Amino acid sequence: MKTLLLLLLLIPAQLFSQNTAYLSLQPTDLGYGVRLENDSLKIYVSFSKGSYNISGGTIDQHLKVGIGKLFYLDKITFLSLGLAYHNYSGIEYFSEDEGGVNKNIFHPMDIEAGLGVKFRHLALAFRTGVIKWGDTVIEIGLKF
């Protein structure tokens with residue numbers, strides 16, 4: 001009976017400890033969001049919102065949704081590789097010649113590459129877009 005009770009207590013604790021939730025900060029568009037990871041499936045999903053203020057114009061609302069795979073190098077260090085979809089609204093248009101703006105920032109899809117570490121209950125991660133180089137995300141998370 002004690003063994004069964006111990007198993008009933010440990011199984012939910014094990015399932016509960018395989019997730020990580022992050023607060024995401026995007027310096028390039030002053031954005032914020034969340035990222036959730038499942039360590040047993042080794043996947044992540046993310047959602048963020050921001051606003052670009054570029055010379056020559058603005059983008060009032062930049063929404064980004066991402067999904068990706070985690071590759072663990074050891075027990076605490078991991079790489080991430082994923083896809084992100086960007087949605088822009090509230091664009092005040094300007095020509096590329098006037099603002100000197102790289103049109104890659106308006107591309108709706110991007111490949112994300114990142115690096116992270118997990119130590120005890122704390123996690124830190126960094127992601128950047130490959131197509132939109134410089135579309136960076138800094139993430140601080142808790143394992144639960």
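The values are calculated or read from the model by the stated rules, or taken from the named source; none is laboratory data. All values reported here derive from a predicted model rather than from experimental measurement. Note that each Cβ is placed from the backbone with ideal geometry, even for glycine, and that neighbours are counted across all protein chains shown.
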* Asked: Mind checking which pairs have a first residue in segment 42-58 that is closer than 16 Å to E112 by Cβ and among the charged types (D, E, K, R) and a second that is modelled with pLDDT of 95 or more and surrounded by 15 or more Cβ atoms within 10 Å (Cβ to Cβ), Cβ under 6 Å, 6 or more apart or different chains?
  -> K42/L70
* Within segment 77-117, how many residues turn out to be at pLDDT 95 or above and within 14 Å of G134 (Cα to Cα)? -> 2
* Asked: Condition test on S17, is it modelled with pLDDT under 95, out of contact with any Lys or Arg (no Cβ under 8 Å at 6 or more places or on another chain) and of a type in the set (S, T, N, Q)?
  -> no
* Structure fact -> Residue set V45, V34, V65; condition modelled with pLDDT of 85 or more, in contact with a Lys or Arg (Cβ under 9 Å, 6 or more places away or on another chain), surrounded by 13 or more Cβ atoms within 10 Å (Cβ to Cβ) and not acidic (D, E); output residue V45
